[in-house]
Amino acid sequence: MQLPEPETDRLIRIAIKRKHLLRFHYKSKPRVVEPHDYGVHKGSVKLFGYQVGGSSSEPLPNWRWALVNSISDLTLLDQHFDGTRPSPSGRHHQWDPICCVVISALGAPRFSNGPKFLPICSSTLRTSRQGATVSPL
């Protein structure tokens, strides 16, 4: 598994913690995304987010995956989003280790049994019974 660049990792974690939109290019298309989950899924480091702007082959807004090492021109935007969104299916993806998750306004993550963490994030994350929080930067 190829780990993401440290600056990419840092910006994604900040965006999730502070609930900021991210702008980046993925598959040669500009994207504006609410980053929700970040970790290892099926052996690759991925970002799962709600795409609210930019270009897509699917109607927007919509849930989208991005291989983190295929993201370019990553920018942390000043614009905030509210936090978690309901899943249309009511189910959530199975992650291998997960690095960061968006915490709802009530302080509860979407995971009932708590996430496992990526080694690249273990020094900057702490866990509690309520889920993952990012340590101050």
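No value in this document is a laboratory result; all are computed from the given coordinates. Predicted model, so just to flag it, every value in this text is computed and none were measured. Glycine gets a Cβ as well: all are built from the backbone with ideal geometry, and neighbour counts include every protein chain shown.
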Calculate the spin-label point distance for Arg85 paired with Arg23, positioning each point 7 Å from the Cα along the beta-carbon direction, and give it in nanometres. 1.9
Give me a comma-separated list of calculated 3J(HN,Hα) values for the range 36-50, in order, Karplus coefficients 6.51, -1.76, 1.60 applied at θ = phi - 60°, integers in Hz, x for any Gly or Pro. 10, 10, 9, x, 9, 10, 6, x, 10, 6, 9, 10, 10, x, 9
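Report the net charge of residues surrounding Gly54, where surrounding means a beta-carbon distance below 13 angstrom and charges are Lys +1, Arg +1, Asp -1, Glu -1.
+2
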For Val33, what charge total do you get from the other residues with a beta carbon under 10 Å from its beta carbon, if Lys and Arg give +1 and Asp and Glu give -1? +2
Contour excess over end-to-end distance, with Cα ends at His93 and Leu60 and 0.36 nm allotted per residue: 9.9 nm
Amide H to amide H under 5 Å from Gly53: which residues, 5+ apart in sequence or cross-chain, H placed 1.01 Å off N in plane? Val32
Hey, which aspartates and glutamates would be in cross-link range of Lys42, C-alpha to C-alpha under 17 Å, not counting anything within fewer than 8 residues on its own chain? Asp96
